[in-house]
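Colleague: My questions all concern the structure below.
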Amino acid sequence: MDRTDSSLVALRRILRATEIFGRELARSAGLTAVQFRVLQVVAETGHSTATAISSRMRVSQATITALVDKLVSHGMVTREKSQIDRRQTDIVITELGRRTIENSPDPLQQRFVRRFQDLDDWEQSMLVASLERVAAMLDAEDLDAAPVLDTGDLRKQP
């Protein structure tokens, strides 16, 4: 196999791994990987705002609103008026949301993070540069994308 084919096979393996994880997560938790990541962000402190989640995940607030709508409909989070600033609405994790996180498979991106952090600094830099180059080669550098390994379009996930 030449390098072009090898690179395409590697990309396909990455896509397949995210597809398989997405199916596992949907089967066990009834959520997409992006919805699950929003739930994890809220679970870190027990509550958050859509603005804070949007900033943290680097996606639009409209995208977060749609994702939170889905989590609310599943009973994983609720919306409540902030106790600190009544003009704000907090997104609060429910007991069902906490159980869902506890009983879900190990998220693919967390496996990646653990292994990535074990790499030497120069290896991390080289890998980031290579991945950014691949994104540019696919004209994907300007796409709205959260740090979540998922094959779906965020705008269609909720």
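The values are calculated or read from the model by the stated rules, or taken from the named source; none is laboratory data. Predicted model, so just to flag it, every value in this text is computed and none were measured. In this analysis, Cβ positions are derived from the backbone assuming ideal geometry, glycine residues included, and neighbour counts consider all displayed protein chains.
Residue by residue, here is whether (1) part of a strand (DSSP E or B); (2) touching a strand residue (DSSP E or B) at 6+ places or on another chain (Cβ under 9 Å) holds:
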{"site": "Leu71", "(1), (2)": "no, yes"}
{"site": "Gly75", "(1), (2)": "no, no"}
{"site": "Arg87", "(1), (2)": "no, yes"}
{"site": "Val92", "(1), (2)": "yes, yes"}
{"site": "Arg99", "(1), (2)": "no, no"}
{"site": "Glu102", "(1), (2)": "no, no"}
{"site": "Phe116", "(1), (2)": "no, no"}
{"site": "Ala129", "(1), (2)": "no, no"}
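Colleague: Go through the stretch 19-39 and give me each residue that's touching a residue at least 40 places away in the same chain (Cβ under 8 Å), assigned to a helix (DSSP H, G or I), surrounded by 18 or more Cβ atoms within 10 Å (Cβ to Cβ) and not basic (Lys, Arg). Spell out the reasoning first.
Modeller: So in the stretch 19-39, the residues touching a residue at least 40 places away in the same chain (Cβ under 8 Å) come out as 19, 21-22, 24-25, 28-37, 39.
Now narrow it down to the ones that are assigned to a helix (DSSP H, G or I): 19, 21-22, 24-25, 28-29, 33-37, 39.
Now restrict to residues that are surrounded by 18 or more Cβ atoms within 10 Å (Cβ to Cβ): 21-22, 25, 29, 33-37, 39.
Listed by number, the residues that qualify are Phe21, Gly22, Leu25, Ala29, Ala33, Val34, Gln35, Phe36, Leu39.
Colleague: Further question: Within the stretch 72-105, take every residue that is among the hydrophobic types (A, V, I, L, M, F, W, C) and either touching a helix residue (DSSP H, G or I) at 6+ places or on another chain (Cβ under 6 Å) or within 18 Å of Glu24 (Cα to Cα) (or both) and give me the one that is modelled with the lowest pLDDT.
Modeller: From the stretch 72-105, those among the hydrophobic types (A, V, I, L, M, F, W, C) are 72, 76-77, 84, 91-93, 96, 101; that's our starting set.
Filter once more, so that each one left must be either touching a helix residue (DSSP H, G or I) at 6+ places or on another chain (Cβ under 6 Å) or within 18 Å of Glu24 (Cα to Cα) (or both): 76-77, 91, 93, 101.
Details: Met76: 96, Val77: 97, Ile91: 96, Ile93: 97, Ile101: 90.
For the stretch 72-105, the residue satisfying everything is Ile101.
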